[in-house]
Structure formats: C-alpha cells, structure tokens
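A.B. asks: Handing you a structure now.
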Amino acid sequence: EGSLIMTERGIESAEKETLVLGDLITQVGAAYDDILAHCHVEIFVDDRVANDERVLAPDLIIQMLDKLIDNAADFCPDKGRINIQLTPARQGVLLSVSNDGPLLPVHMKHQLFDSLVSLRDDSTSSEKTHLGLGLHIVRLIVEFHGGTIQARNRDDLSGVIFEVSLDD
C-alpha cells in the first residue's frame, strides 16, 4: 500500500506541458510494435486531431500507455493485434487501446480500475507478479488529466477495448 501512496503523490505532483498527443502516441506505439514479438501494434491518429496541442504530463501519459499496452499484450494471442487510436470526441479526444483476445467477464467490468484487481490466471501469466495496480494507476493518471476511462468488449466480440476520454 505504501508504493500506491507514493505513486498517487507522484501523479499529483507531475508537471504538465504543452505537447502533441498524436506524436507521442505514434512514438510509443511504434516502440511497442518493435518490442512485442507475439502481436502486431497498429496505430491510427485521425487527421482532425493529429496536430492538436494539449497540456498534459508527458511522463504520466507514457506511463498510462505503457500500462494499457502491457495489459493488452498480456491478453493478446499469438499473431493477434493491438490497436491504438486517437480520434475526435464531442468535447475533446478519445484515445483507445484494444486487443484481440478473451472478453471481459461481465461481473468484473466495473472493478477493473480498482486497486488489487487482476484478471490474470496465475498459471498462464508471465513470470511477472501482478498486484492488480496497473489499471488502477491508469485510472489515477486519467483522472489527474480530467478525463474518464472505461473498458468494454469490442462490438464484434473479438477482444477488449479501453477508452480514455480527454476533454478540451
């Protein structure tokens, strides 16, 4: 619990600066496409928001993307796809990270962003220890930026999608 408090304090004290979110997403996504051997990362930044400048904490946005992509990679099957998209929303932008793979259990949908919740099966997860803090930290980062996050199954039931809304 001490590390969670330290993480929360770190988020609260993060410095924001003006950056082009589309560029950051493209760079992080490309790096993950190079790193991940078992699945392909596709990046789509809508032209209408490609050059939008936003005041964000770049280190936190990278950490958020890192945790969302890591989570997607853990559940993505061999030769599966992870899609990262930045599109316009009614009042800002919508950043989504989705992956091929198993669907979210209905009973877990509203608990995913709580502390110490993990859907990983210990027998199939990698050697990393998962304390279930990753998505909780993602939620804290999103909220620090005044946004919201939700997780749902893809409409075609081919996998899961995490959607971060950041208002103007």
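A.B. asks: Any residue in the range 17-32 that is on the phi > 0 side of the Ramachandran plot sitting within a Cβ distance under 7 Å of a residue that is open to solvent by 30 Å² or more (accessible area, probe 1.4 Å) and in a helix (DSSP H, G or I)? List the pairs, counting only those 6 or more apart or interchain.
C.D. replies: none
A.B. asks: Considering the range 103-115 alone, what residues qualify as being modelled with pLDDT of 70 or more and either in contact with a Phe, Trp or Tyr (Cβ under 6 Å, 6 or more places away or on another chain) or not in a loop (DSSP other than H, G, I, E, B) (or both)? Steps first, please.
C.D. replies: Going residue by residue through the range 103-115, those that are modelled with pLDDT of 70 or more are 103-107, 112-114.
Matches in the range 103-115: Val106, His107.
A.B. asks: Tell me which residues, restricted to the range 27-80, are of a type in the set (S, T, N, Q), touching a strand residue (DSSP E or B) at 6+ places or on another chain (Cβ under 8 Å) and either closer than 15 Å to Val164 by Cβ or open to solvent by less than 60 Å² (accessible area, probe 1.4 Å) (or both).
C.D. replies: Residues of the range 27-80 of a type in the set (S, T, N, Q): 27, 51, 63, 71.
Filter again for touching a strand residue (DSSP E or B) at 6+ places or on another chain (Cβ under 8 Å), leaving 51, 71.
Within the range 27-80, Asn71 is the sole residue that qualifies.
A.B. asks: Answer with yes or no whether Ile69 is free of Cβ contacts under 8 Å to residues at least 60 places away in the same chain, more than 10 Å from Val97 (Cα to Cα) and assigned to a helix (DSSP H, G or I). Explain how you work it out, then say what you get.
C.D. replies: Details: free of Cβ contacts under 8 Å to residues at least 60 places away in the same chain: yes; more than 10 Å from Val97 (Cα to Cα): no; assigned to a helix (DSSP H, G or I): yes.
Judged against the criteria, Ile69 is not a match.
A.B. asks: Being at pLDDT 90 or above, acidic (Asp, Glu) and either part of a loop (DSSP other than H, G, I, E, B) or open to solvent by 30 Å² or more (accessible area, probe 1.4 Å) (or both), is that true of even one residue in the range 129-149?
C.D. replies: Checked against the condition, which is being at pLDDT 90 or above, acidic (Asp, Glu) and either part of a loop (DSSP other than H, G, I, E, B) or open to solvent by 30 Å² or more (accessible area, probe 1.4 Å) (or both), the range 129-149 yields at least one hit.
A.B. asks: With the requirement that a residue be crowded, with 18+ Cβ neighbours inside 10 Å and polar (S, T, N, Q), what does the range 81-95 give you?
C.D. replies: Matches in the range 81-95: Asn83, Gln85.
A.B. asks: Output the qualifying pairs, or none if there are none: Cβ atoms under 6 angstrom, residues six or more apart or on different chains, first residue in the range 72-94 and more than 20 Å from Leu135 (Cα to Cα), second residue of a type in the set (Lys, Arg) and surrounded by fewer than 18 Cβ atoms within 10 Å (Cβ to Cβ).
C.D. replies: Listed pairs, sorted by first residue: Pro88/Arg48.
A.B. asks: Counting just the residues of the range 152-165 that are under 14 Å from the mean Cα position of the chain (by Cα) and crowded, with 20+ Cβ neighbours inside 10 Å, which one comes out farthest from Glu12 (Cα to Cα)?
C.D. replies: Going through the qualifying residues, I end up with Val160.
A.B. asks: Step by step: first the residues of the range 15-26, then only those that are open to solvent by 30 Å² or more (accessible area, probe 1.4 Å) and outside any strand (DSSP E or B), then the one that is farthest from Gly134 (Cα to Cα). Which residue is that?
C.D. replies: Per the stated criteria, the residue is Asp23.
The values are calculated or read from the model by the stated rules, or taken from the named source; none is laboratory data. It should be emphasised that the depicted structure is a prediction, and the values quoted were computed from it without experimental measurement. Because the Cβ atoms are built from the backbone with ideal geometry, glycine has one as well, and the counts that use them run over all protein chains shown. Side chains are part of the model used for accessible areas, which takes the heavy atoms of the whole protein and leaves out ligands, DNA and RNA. Shrake-Rupley method; radii C 1.70, N 1.55, O 1.52, S 1.80 Å.
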